[in-house]
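Colleague: Input: one structure, supplied below.
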Amino acid sequence: MPSSSTTRPTGNTRTTHAVRTATAVVSALGVLTLSACGAADTGRSQQAGTGAKTVNLTVPSWVGAQANTAVAAYLLENELGYEVKTQQLGEVLAWDALSKGDVDAIMEDWGHPKEEKSYVEDKKTVVRAGDLGVTGHIGWYVPKYFADAHPDVTDWKNLNKYAKDFATAESGGKGQILEGSPDYVTHDDAIIKNLKLNLKTKYAGSEAAQITAIKKYAKEKKPFLTYWWTPQWLNAQVEMVEVKLPPYEEGCDAVPEKVACGYPNTPLQKFLNADFAKNGGEAAEFLKNFKWTTEQQNEVALMIADQKMSPKAAAEKWVKANESTWKTWLPK
């Protein structure tokens, strides 16, 4: 969601989509409860072969990542006989918990170079578990109806020309760029300053609140500029066009206060606790094998967020319709 530096925390754009924490999205979409036990206990999980077969998964606050966890949990429980416990954590906290063994896996990471160096390379308490199969991208977007009427708005050099169109009562005469949660780590304030844009960031408070605002603007056909990301299920309902920022180049986001470039495309990654990866048996092998497409993730996310299905019900419906896909994830 996006955040998206992705998540997407330090000053690296691969870290921008957001330290997406479980805040208002929880109340909007419902807490993701994938087992009778609810939220995960703290402490190390009991892994296969050491008693109860339990897997602890972290649940990010954005619905696309919730879809990953829902489907993984459903299959772990119904095909492999594990008990799955879940815990809602912000992204940096999830990395800390993963290193300690309080959770066993992160199913969708948008890039945390600082944590990767500390836990994967130095401490070796976390291991890579491969691509999720989904590529994430953060950017600035305007509604298609506004871009159709004003084609040059899609070039950042022309944004000051349209600042008055994006202005709100709270933006102090500047154009507003709508943000999600204040916990998302982005470079937008630096980009605005360094590109000398007459814009001001405004935080909706959560992904759910941002979606509500976007839907309201779209229903009223009002112009808006927003920090946004793909994949995201709302993109199938509200057509938006990306504003071209200066192209991302490796290292252009190395110094947070000097960022003057756009965001990269980020192949989303999975990570496992190192002990779990070694001793987690079929559960660890299954999570390494888990890989699906953007379209498949969006399908489940849409059921959860828009159709108001519980994550477990959405996962069950998808699993029943896509056996040929998930069968390949099961341990041989």
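Colleague: Given H placed 1.01 Å from N in the peptide plane, which residues other than close sequence neighbours of Gly136 have an amide H under 5 Å from its amide H?
Modeller: Here Thr266, Leu268 satisfy the definition.
Colleague: Checking the table Lys193/Lys221; Lys85/Lys312; Lys144/Lys244; Lys114/Lys200; Lys117/Lys270; Lys85/Lys308 against a 20 Å threshold on Cα-Cα, which pairs fail?
Modeller: Too far apart for the 20 Å limit: Lys193/Lys221; Lys114/Lys200; Lys85/Lys308.
Colleague: For Lys161, list the aspartates and glutamates whose Cα falls under 14 Å from its own Cα; do not include residues on the same chain fewer than 8 positions away.
Modeller: In chain and number order, the partners are Asp152.
Colleague: List every residue whose amide H lies under 5 Å from the amide H of Val59, counting only residues 5 or more places away in sequence or on a different chain, with H placed 1.01 Å from N in the peptide plane.
Modeller: Gln87, Gln88, Leu89
Colleague: Right, here's the next one. What list of ³J(HN,Hα) values in whole Hz, one per residue of the stretch 312-324 in order, does the Karplus curve 6.51 cos²θ - 1.76 cosθ + 1.60 (θ = phi - 60°) give from phi, with Gly and Pro shown as x?
Modeller: Working through the residues one at a time gives 5, 5, 4, 4, 4, 5, 5, 4, 5, 9, 9, 4, 5 Hz.
Colleague: Another one. Between the stretch 89-118 and the stretch 219-251, what is the C-alpha centre distance in whole Å?
Modeller: The stretch 89-118 and the stretch 219-251 have Cα centres separated by 27 Å.
Colleague: May I ask you to list the aspartates and glutamates whose Cα is less than 14 Å away from that of Lys222, ignoring any residue fewer than eight positions away on the same chain?
Modeller: Asp148, Asp165, Glu239
Colleague: Now, a different point. Grab the eigenvalues of the alpha-carbon gyration tensor for the stretch 131-240, scale each by 5, take roots, and send me the semi-axes largest first in whole angstrom.
Modeller: Semi-axis lengths for the stretch 131-240 are 21, 17, 15 Å.
Colleague: Further question on the same structure: Relative to a virtual label point 7 Å from the Cα of Lys221 in the Cα→beta-carbon direction, which members of the stretch 136-168 show backbone nitrogen distances below 11 Å?
Modeller: Only 145-146 pass the distance filter.
Colleague: Okay, next question. Once you have the Cα-Cα distance between Glu316 and Thr135, take 0.36 nm times their residue separation minus that, and quote the gain in nm to one decimal.
Modeller: This chain segment gains 62.7 nm when fully extended.
Colleague: Using θ = phi - 60° and the Karplus curve 6.51 cos²θ - 1.76 cosθ + 1.60, what whole-Hz ³J(HN,Hα) does each residue of the stretch 102-114 get, with Gly and Pro shown as x?
Modeller: Per-residue couplings from phi come out as 6, 10, 9, 8, 10, 8, 8, 10, 8, x, 10, x, 4 Hz.
Colleague: Another question, then. Please give the Cα centre distance for the stretch 184-198 versus the stretch 254-313, rounded to the nearest Å.
Modeller: Each part's Cα centre sits 27 Å from the other's.
Colleague: Rounded to whole Hz and in sequence order, give me ³J(HN,Hα) for the stretch 155-166 from the Karplus expression 6.51 cos²θ - 1.76 cosθ + 1.60, θ = phi - 60°, writing x for Gly and Pro.
Modeller: Coupling constants for the stretch 155-166: 10, 4, 5, 9, 5, 4, 4, 10, 4, 5, 6, 8 Hz.
Colleague: Separate question: For Leu199, what charge total do you get from the other residues with a beta carbon under 14 Å from its beta carbon, if Lys and Arg give +1 and Asp and Glu give -1?
Modeller: Every neighbour counted, the sum reads +3.
Since every read-out is calculated from the coordinates, none of them should be taken as a lab result. Quick caveat: nothing in here was measured; it's all calculated off a predicted structure. Neighbour counts run over all protein chains shown; Cβ positions are idealised from the backbone, glycine included.
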